[in-house]
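Laboratory data are not the source of any read-out in this text; all were calculated from the coordinates shown. Please read all numbers here as calculations on a predicted model, not as lab measurements. Cβ coordinates were reconstructed from backbone atoms using ideal geometry, including for glycine residues, and neighbour counts include every protein chain displayed.
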Amino acid sequence: MEVTPSHTQAVNGWAAMDESGKVVLFSFKRRENGVDDVTIKVQYCGMCHTDLNYINNAWGNTIYPVVPGHEITGVVTKVGTNVSGFHPGDRVGVGGIAASCLDCDHCHRSEENYCDKMTFTYNSISSDGSITYGGYSNMLVADKRFIVSIPDSLPLDAAAPLLCAGITVYSPMKQHGMLQGEAGRRLGVVGLGGLGHVAVKFAKAFGLHVTIVSTSPAKEREARESLRADDFVLSTDQKQMQDMAKSLDYIIDTVSAQHSLGPLLELLKVNGRLVLVGAPDKPVELPSIPLIFGKRTVSGSLTGGMKETQEMMDLCGKHNITCDIELVSADKINEALARLALNDVRYRFVVDIGSTL
């Protein structure tokens, strides 16, 4: 582990040391609080499938040891001399971005998530040459420009996954006009997991008619009763899919498993839009005929910028939107990771860092 001279603050966390898929207790150093920095006592950290992929080196780019976690909430303990927007005691959150160049076109448009020089909250190399470590740890030092305030109305545990799952669906929903409150607009949400269930909550808050598209019939009751979805369609049932043809204005596809986009495109009206936010590890099938004959559009989206993330968090506070979570203690992270690999969670694990690490 590389330690620069300014990295003197002792931190305890959980790290994967190799591709075994397990995390272990790990002590490391974080940088001192700089003039633009905020030191945060981590209270909670959500568990994302991305964490699992980095732990297992599924993408072949893991820098071991890796301390995962990019859905971080906590309380400010110290601020730098150039920091005016945050104060000790404030409730804050940190998502997937630790830094960006701040000078490119994307950064100027508050799209730091598309900056070519973006640094991730973990498994990246910082400007000082050190490895970034994430929120499976008891303390974090973050640049003031990559922190958001958490409204007092939101519990820190259930707000944590909003910093990844929430912004990942909110950003494209806003960009493509899904949250403008137009009467009669219909949204399809493909996959009812960590991302999908938040997309349903945003959509219902803005008055959209919501159809869940899933391969699991066991999810229908919960989708209708708990999340107030209007319709539920089994993607494996050809008749149900045919009955829903040309019925949707938009689709948010949250599925990370390999699947064909053809049947989903058939659900869209003419001029309909399908947005991919899941990331299958193999190319998806995209038939040209339903795309061309329906004048339909397929696009993708990667989380959101900082301005948009704060906007989303404030909106969640106003509408009381949180994630449905299962809270786990730090010593149960490996058990939770094993269940996460099986999609055995409704709908997001959150690690209780503050009380158990």
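Remarks
- Within a Gaussian network of the chain (alpha carbon springs, distance under 10 Å), most fluctuating of His70, His259, His197: His259
- Value of relative contact order over the chain, rounded to a whole percent, pairs C-alpha under 8 Å and six or more apart: 18 percent
- The relative contact order of region 87-162, computed from alpha carbon pairs under 8 Å that lie at least 6 residues apart in sequence, is 35 percent.
- For the chain, with +1 on Lys and Arg beta carbons and -1 on Asp and Glu, the positive-most of Leu342, Thr39, Val24 along the dipole: Leu342
- Local electrostatic count at Val79 - Lys and Arg +1, Asp and Glu -1, tallied over other residues with Cβ under 10 Å: -1
- Between Ala218 and Ser126, the distance separating the two model label sites (each 7 Å from Cα on the Cα→Cβ line) works out to 4.3 nm.
- Against the chain, whose longest principal axis is taken from its Cα atoms, helix 306-319 shows a tilt of about 70°.
- Cα gyration tensor shape of region 105-182, rounded if a/c is under 1.5, else prolate or oblate by comparing a/b with b/c: oblate
- In the chain, the longest principal axis of the Cα atoms and the axis of helix 194-205 are about 70 degrees apart.
- The order of the peptides 311-320, 238-247 by mean Cβ neighbours within 10 Å, most packed first, is 311-320, 238-247.
- The chain: most fluctuating residue of Ile289, Ile63, Ile321 per GNM, C-alpha cutoff 10 Å: Ile289
- Dipole magnitude of region 213-336, debye to nearest 20 (Cβ charges: Lys/Arg +1, Asp/Glu -1, about Cα centre): 500 debye
- In percent, rounded to a whole number, the relative contact order of region 165-313 is 23, using alpha-carbon pairs under 8 Å and six or more apart.
- The slack between Asp344 and Lys41, meaning 0.36 nm per residue of separation minus the straight C-alpha distance, is 106.2 nm.
- Total formal charge among the other residues, if their Cβ is under 11 angstrom from that of Cys101, Lys/Arg +1 and Asp/Glu -1: -3
- Most fluctuating residue given options Asn82, Asn12, Asn343, as computed from a GNM of the chain linking Cα atoms under 10 Å: Asn82
- Cβ-placed point charges (K, R +1; D, E -1), dipole of the chain about Cα centre in debye, nearest 20: 620 debye
- Cys101 versus Ser288: modelled label distance in nm, points set 7 Å from Cα along the beta carbon direction: 3.6 nm
- Acute angle (nearest 10 degrees) that the helix 165-175 long axis makes with the longest principal axis of the chain, alpha-carbon atoms: 60 degrees
- Counting Lys and Arg as +1 and Asp and Glu as -1 over every other residue whose Cβ lies under 12 Å from the Cβ of Asn138, the net charge comes to +1.
- The charge dipole of region 59-151, taken about the Cα centre with unit charges on the Cβ atoms of Lys, Arg (+1) and Asp, Glu (-1), comes to about 280 debye, rounded to the nearest 20.
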